[in-house]
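The next block holds one structure in the form of structure tokens; read it before the comments.
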Amino acid sequence: MPSAPVFIQAESVSREYRLGESVIRAVDAVSLSVEKGEFLALLGSSGSGKSTLLSMMAGLDRPTSGAIRVQDRNLAELDKEELARYRRETVGMVFQSFNLLPRMTLEENVELPLRLAEVNRADRESRVGEALQRVGLGPRRRHRPSELSGGEQQRGALARALVNRPAILFADEPTGNLDSVNGEQILLLLREIQDSLGMTVIMVTHERPLAEKFANRIALLSDGRLLSDGARR
Amino acid sequence: MKTRDLSELAVRNLREAVLRNSLTTLGVAVGVASLVAMLSLGVGLQTLASQRLSRSGLFDAVFVTSQRNFRGPRQPPPPDAAPKRESRPLDDDARIQFSKLPNVTEVYPQIRFVTDVRYAGKSESTSVLGLPDSSRSSGAFDGMKGAFFSSPTADEAILQIDFAKLLSDQPPSLIGKELTLRYAERGALSKAADDDEALLDSMMGSGKPGGISIIPREKTLRVVGVIESDPSAGIGGFGGARVYLPLKTAEQLHVAQPDDLQAFLSGNSAKPSYMAMTVRVRSPKDVLQVEEAIKQLGFATFSLLDATKSLRLVFTVFDLFLGLFGSLALTVASLGIINTLVMAILERRREIGILKALGATDRDVRSLFFAEAGAMGLFGGFFGVALGWLIGSALTWGTTIYLHRQNLPGVKISYIPWWLALGGIAFAIIVSLVAGLYPASRAARLNPVDALRYE
């Protein structure tokens, strides 16, 4: 079976942090390719550099050296404005701690990326409704995050990540703050959405069973280095 | 992000920390209020002074005298006096000439004479002055007991209170009563008298025919008002009169004037002339040009133009100082804005990170903080102007009560023109935006990864 075209290509990517005199290399010459529509799990223990690698691929951070190519654009060479547009138009993000704005209702949180993308108001309402419907939170749209359970908050965050119809969804420990039942439900939902929309999903996790259950491929990181990038399933 | 979305988010953010943001906005409002109140006081006092001075006729008037008028025995001619032109009498021909000059609105002679006033068997000697009808609006008669003359030709009189006290223990009771003036009328000589005069002239060898006759007359006038201050000080510039008549009534009396004697001696007694005339111009800026034109006609002039300039300078400096004091409060308020927004950045670090992760640009974040600062400035400016107006009104109210207790008419000492209201709001917004510059750029520079990590 012919493989899908490479969608994301990390080429010898390194990320260093300077702490006084010492230099800490969080990601060390990682090369990795991700195909379109793939569900990749970046697996590793705490401090392995998986979240740093994800941040760079999501356009939140820049590599100290190397290149990250997404649809033939090298993210390391984009200026701040272009990188912001990449995050706005190509990427959706889900975080471990949900990161919904507490003073906004659920639908206002989900609407936020559409405001930033300057989508007109008439379209916004239908797209917000559609995204909330997809994650099963239609009836909770007027609730504030504090009025939702952890699982509901993460589903809300997922709706917010999907509302801009991104090509890539990045999930940084999406089950980290959830119990195992809710964690599985979220990943199940994520997988369903990925299947139905054909999105590329890159998820950071330290839970091997979940990664093995839901991801197409597992890339293992340790001390900033890529130990294995696994076989596609 | 679109402006409407930006504004909505800014207002929402302000509403969230409502107490702190309200206090900061109140700080701006107090700053603007102090600035507006100070400047409104300056503007109000300046307007009041300008109106009073303008109504008094001192600053839009040129006082004209004939160059042949007497100087005091020890007074030499002024050192910068213009070369002596042909000396002209200040008569009705001159009056017509003055009235035809551009920007001249009114010309009237100064009719002043000494007379005997009789009332209820009492006889008092005093000075009488004719008042033009325009002095009705000079402000000098505000608070007068009774009323101004019913018409420019009415046989009516207004008495100065000190003089009225000589006639009655209850001066206001004189209103409506009649009194009699005894005065000397200047008349033309009869034909026979003129011939005798000519004969006398030829015998004396003066060679200057002409003459005047002085006839004692009486005139009955009804008292219509009693005034405490001296209204003539601001009108003729000389003051001192104690009985006032309508100017036209005074002119019709043809009272002999001191100039008549001079005219007689110089052989120009055929027409009556006046001691002085007042030429009113459209605005103080026209004074110089009219004054020059009158000098060219051969008359001496006097105006208070320089005093007006000095007055404006004083008020400009006064406004400047008031503005500086007012601005100090606004400077303190702007520090409050900086403090509030810097604190907001610390508290909202994570939110900034989320916004950036969702695709907000540095400019979006900067604009959001800027909009919040601007909104505080707008609301602060609006409430500040309202508060400044209240303070000004309270000052006017307090001053009016005080003046009323002193039996004086109330005045509006605080005035907020439209430019001050709009300027106050605009200034508050500008100061707030400047205060928001640093916090906004600091927020925009936040690294999204660091911001998201912030707990």
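Within the stretch A:170-189, the set of residues being of a type in the set (A, V, I, L, M, F, W, C) and in contact with a helix residue (DSSP H, G or I) (Cβ under 6 Å, 6 or more places away or on another chain) comprises A:Phe170, A:Leu178, A:Ile186, A:Leu187.
Going by the structure shown, is B:Ser173 assigned to a helix (DSSP H, G or I), farther than 17 Å from B:Val117 by Cβ and of a type outside the set (Phe, Trp, Tyr)? Considered against the rule, which asks whether it is assigned to a helix (DSSP H, G or I), farther than 17 Å from B:Val117 by Cβ and of a type outside the set (Phe, Trp, Tyr), B:Ser173 comes out as no. When the residues of the stretch A:79-106 are filtered to those that are among the charged types (D, E, K, R) and at the interface with chain B (Cβ under 8 Å from one of its Cβ atoms), the one that is surrounded by the most Cβ atoms within 10 Å (Cβ to Cβ) is A:Arg87. Scanning the stretch B:132-160 for residues that are surrounded by fewer than 17 Cβ atoms within 10 Å (Cβ to Cβ), part of a helix (DSSP H, G or I) and of a type outside the set (D, E, K, R) yields a count of 1.
Filtered by the rule that a residue be free of Cβ contacts under 8 Å to residues at least 12 places away in the same chain and of a type in the set (D, E, K, R), the stretch B:352-372 gives no residues.
Within the stretch A:111-130, the residues that satisfy the criterion of being small (Gly, Ala, Ser) and within 14 Å of another protein chain (Cβ to nearest Cβ) are A:Ala117, A:Ala122.
So in the stretch A:164-186, with the set limited to residues that are of a type in the set (Val, Ile, Thr) and in contact with a Ser or Thr (Cβ under 9 Å, 6 or more places away or on another chain), which one is farthest from A:Leu53 (Cα to Cα)? Please lay out each step first, then the result.
The first filter runs over the stretch A:164-186 and keeps only residues of a type in the set (Val, Ile, Thr), leaving A:168, A:175, A:181, A:186.
Applying the additional criterion that residues be in contact with a Ser or Thr (Cβ under 9 Å, 6 or more places away or on another chain) yields A:168, A:175, A:186.
On the way: A:Ile168: 15, A:Thr175: 18, A:Ile186: 22 Å.
Filtering the stretch A:164-186 for residues that are of a type in the set (Val, Ile, Thr) and in contact with a Ser or Thr (Cβ under 9 Å, 6 or more places away or on another chain), the one farthest from A:Leu53 (Cα to Cα) comes out as A:Ile186.
Return yes when B:Val117 is β-branched (Val, Ile, Thr), touching an Asp or Glu at 6+ places or on another chain (Cβ under 7 Å), in a strand (DSSP E or B) and surrounded by 21 or more Cβ atoms within 10 Å (Cβ to Cβ) and no when it is not. Reasoning before the result, please.
On the way: β-branched (Val, Ile, Thr): yes; touching an Asp or Glu at 6+ places or on another chain (Cβ under 7 Å): yes; in a strand (DSSP E or B): yes; surrounded by 21 or more Cβ atoms within 10 Å (Cβ to Cβ): yes.
Yes; evaluated as a whole, the condition is true for this residue.
In the stretch B:1-27, the residues that are away from chain A (no Cβ under 14 Å) and closer than 16 Å to B:Ala428 by Cβ reach residues that are hydrophobic (A, V, I, L, M, F, W, C) and surrounded by fewer than 19 Cβ atoms within 10 Å (Cβ to Cβ) with C-beta atoms within less than 8 angstrom, at least six apart or across chains, in these pairs: B:Gly27/B:Val332. Any residue in the stretch B:324-334 that is facing chain A (nearest Cβ under 9 Å) and of a type outside the set (A, V, I, L, M, F, W, C)? No, the stretch B:324-334 has no match at all. Scanning the stretch B:430-455 for residues that are surrounded by fewer than 21 Cβ atoms within 10 Å (Cβ to Cβ), farther than 17 Å from A:Ala58 by Cα and among the β-branched types (Val, Ile, Thr) yields a count of 2.
Against the criterion of being β-branched (Val, Ile, Thr), more than 12 Å from chain A (Cβ to nearest Cβ), buried (at least 23 other Cβ atoms within 10 Å of the Cβ) and part of a helix (DSSP H, G or I), B:Ile345 does not qualify. Could you please let me know if A:Gly129 is touching a Phe, Trp or Tyr at 6+ places or on another chain (Cβ under 8 Å) and of a type outside the set (Lys, Arg)? When the stated conditions are applied, A:Gly129 does not pass them.
Screening the candidates A:Ala29, A:Ala58 for the property of being touching a strand residue (DSSP E or B) at 6+ places or on another chain (Cβ under 7 Å) and more than 14 Å from chain B (Cβ to nearest Cβ) yields one hit, A:Ala29.
Scanning the stretch B:416-437 for residues that are outside any helix (DSSP H, G or I), at pLDDT 85 or above and more than 28 Å from the chain's Cα centre (by Cα) turns up nothing.
Could you tell me whether any residue of the stretch B:368-381 is within 14 Å of chain A (Cβ to nearest Cβ), surrounded by fewer than 20 Cβ atoms within 10 Å (Cβ to Cβ) and acidic (Asp, Glu)? No, because not a single residue in the stretch B:368-381 is within 14 Å of chain A (Cβ to nearest Cβ), surrounded by fewer than 20 Cβ atoms within 10 Å (Cβ to Cβ) and acidic (Asp, Glu).
The values are calculated or read from the model by the stated rules, or taken from the named source; none is laboratory data. All values derive from a computational prediction rather than experimental measurement. Don't worry about glycine lacking a Cβ; one is built from the backbone with ideal geometry, like all the others, and counts go over all protein chains shown.
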